[in-house]
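Enquirer: Quick one: the structure is below, and I'll ask about it shortly.
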Amino acid sequence: MKTSQIKRKFNTQAKCLKYLEKLRWHNKPVCIFCNAQNITKRKNTIKYHCNKCNRDFSVLQGTIFENTHLPLTKWFQVILLVLNNGTELSTLQISKKINVSYKTTWYTVVRIRNALKARANTAHN
């Protein structure tokens, strides 16, 4: 997939969230704390409420996207660039391509690469 395709397909935060929910929960939210399926969507937020353990959660919790202010639309672009180019593209080049500060891009790239390493290590064990 090309960056232009990602920009078109995932051009809003809502589309990105919907895609992540599909990947993580197959469009049926499950509590990340107790695995219950008795869930209520919170109004005007990305959070869900578990009616069993009485806790709130979102699809971003426990992922590389947790506690970030960078829009998911930018995250998806960076992920594509890292996956397609490995270390061939520098963080500075990525920051210029997606029009985000170097510091933010560096933080994002580090999180992505760490997640890829962790996944590779899990696959080999």
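Enquirer: How many of the residues in region 41-85 are in a loop (DSSP other than H, G, I, E, B) and either at negative phi or in contact (Cβ under 8 Å) with a residue 60 or more places away in the chain (or both)?
Expert: Qualifying residue count, region 41-85: 21.
Enquirer: How many residues, within region 103-125, are assigned to a helix (DSSP H, G or I), farther than 13 Å from Ile64 by Cα and not basic (Lys, Arg)?
Expert: 8
Enquirer: Give all pairs with beta carbons closer than 9 Å in which a residue from region 9-28 that is under 18 Å from Ile64 (Cα atoms) and among the polar types (S, T, N, Q) meets a residue that is at pLDDT 95 or above and assigned to a helix (DSSP H, G or I); count only pairs at least 6 apart in sequence or on separate chains.
Expert: Close Cβ pairs (under 9 Å, with a partner that is at pLDDT 95 or above and assigned to a helix (DSSP H, G or I)) amount to Gln13/Leu72; Gln13/Thr73.
Enquirer: Do we find that Glu88 is under 26 Å from Asn35 (Cβ atoms) and free of Cβ contacts under 8 Å to residues at least 40 places away in the same chain in this structure?
Expert: no
Enquirer: Quick check on my filter: what residues within region 31-40 are more than 17 Å from the chain's Cα centre (by Cα), in a loop (DSSP other than H, G, I, E, B) and of a type in the set (A, V, I, L, M)?
Expert: Correct list: Ala36 only.
The values are calculated or read from the model by the stated rules, or taken from the named source; none is laboratory data. Nothing here was measured: the structure is a model prediction, and the numbers come from that model. Every residue, glycine as well, gets a Cβ built from its backbone with ideal geometry; the counts of neighbours run over all protein chains shown.
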